[in-house]
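Worksheet: one structure, shown below.
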Amino acid sequence: MTVPFSVKLALGEGAPARVRAAIDAGADAITLSDTISGIAVDPSSGEVRLAGAYSGAGIKPLVLAEIFALRRQGIAIPVLGSGGVQEASDVVEYLSVGAHAVQVYTALHKDMHETLKSIRDGVEAWLRARHLTVADVRGRSLR
């Protein structure tokens, strides 16, 4: 029996090669993106005030661009988009560039159940209002 698995990768230099390596190793899906490195610097002193992992809304455009680029390169494996999902429109954006699913994390720190319900209901309402399915939206930015 084969157990399906996804490999979670961060954005950055060499991401396409790391995705291909994961596929070659037998990954059934890819999750983009894990946190990325970031720092904040005090402009007065030059002292590093914050160093570590960066995630959330700020990385969403970067993750969208990476998924879009991977799809343009012919990577067909299912991709789970992760980073900055706070509302229904974020889900629609991820689907539009070719993500098969999305991951919500940071936004759930406010009120997990209500936030997740709001996002899910919002996507369903958006699709219904346009008479579309997830399959209709997935990858439409690539057409």
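The values are calculated or read from the model by the stated rules, or taken from the named source; none is laboratory data. A quick note: this is a predicted structure, and the numbers were derived from the prediction, not measured. In this analysis, Cβ positions are derived from the backbone assuming ideal geometry, glycine residues included, and neighbour counts consider all displayed protein chains.
Within region 126-138, is there a residue that is charged (D, E, K, R) and modelled with pLDDT under 95?
There is no residue in region 126-138 that is charged (D, E, K, R) and modelled with pLDDT under 95.
Regarding region 97-107, can at least one residue be identified that is out of contact with any strand residue (DSSP E or B) (no Cβ under 8 Å at 6 or more places or on another chain), surrounded by 15 or more Cβ atoms within 10 Å (Cβ to Cβ) and among the aliphatic types (A, V, I, L, M)?
Yes: region 97-107 contains one or more residues that are out of contact with any strand residue (DSSP E or B) (no Cβ under 8 Å at 6 or more places or on another chain), surrounded by 15 or more Cβ atoms within 10 Å (Cβ to Cβ) and among the aliphatic types (A, V, I, L, M).
Residues in region 34-51 that are of a type outside the set (S, T, Y) and either on the phi > 0 side of the Ramachandran plot or outside any strand (DSSP E or B) (or both): how many?
5
Within region 77-91, track down each residue that is of a type in the set (A, V, I, L, M, F, W, C) and either at pLDDT below 95 or in contact with a helix residue (DSSP H, G or I) (Cβ under 7 Å, 6 or more places away or on another chain) (or both).
Answer for region 77-91, where residues must be of a type in the set (A, V, I, L, M, F, W, C) and either at pLDDT below 95 or in contact with a helix residue (DSSP H, G or I) (Cβ under 7 Å, 6 or more places away or on another chain) (or both): I77, V79, V85, A88, V91.
Can you tell me which of (1) surrounded by fewer than 17 Cβ atoms within 10 Å (Cβ to Cβ); (2) of a type outside the set (D, E); (3) part of a loop (DSSP other than H, G, I, E, B) is the one G84 doesn't meet?
Against the list (1) surrounded by fewer than 17 Cβ atoms within 10 Å (Cβ to Cβ); (2) of a type outside the set (D, E); (3) part of a loop (DSSP other than H, G, I, E, B), G84 comes up short only on (1).
Scan L70, L50 and give me the residue that is surrounded by 13 or more Cβ atoms within 10 Å (Cβ to Cβ) and either of a type in the set (A, V, I, L, M, F, W, C) or touching a residue at least 40 places away in the same chain (Cβ under 8 Å) (or both).
Criteria check complete, one pass: L70.
Filter region 131-143 down to the residues that are within 23 Å of F68 (Cα to Cα) and without any contact (Cβ under 8 Å) to a residue 12 or more places away in the chain and list them by number.
Once the filter is applied, which keeps residues that are within 23 Å of F68 (Cα to Cα) and without any contact (Cβ under 8 Å) to a residue 12 or more places away in the chain, region 131-143 yields L132, T133, A135, D136, R143.
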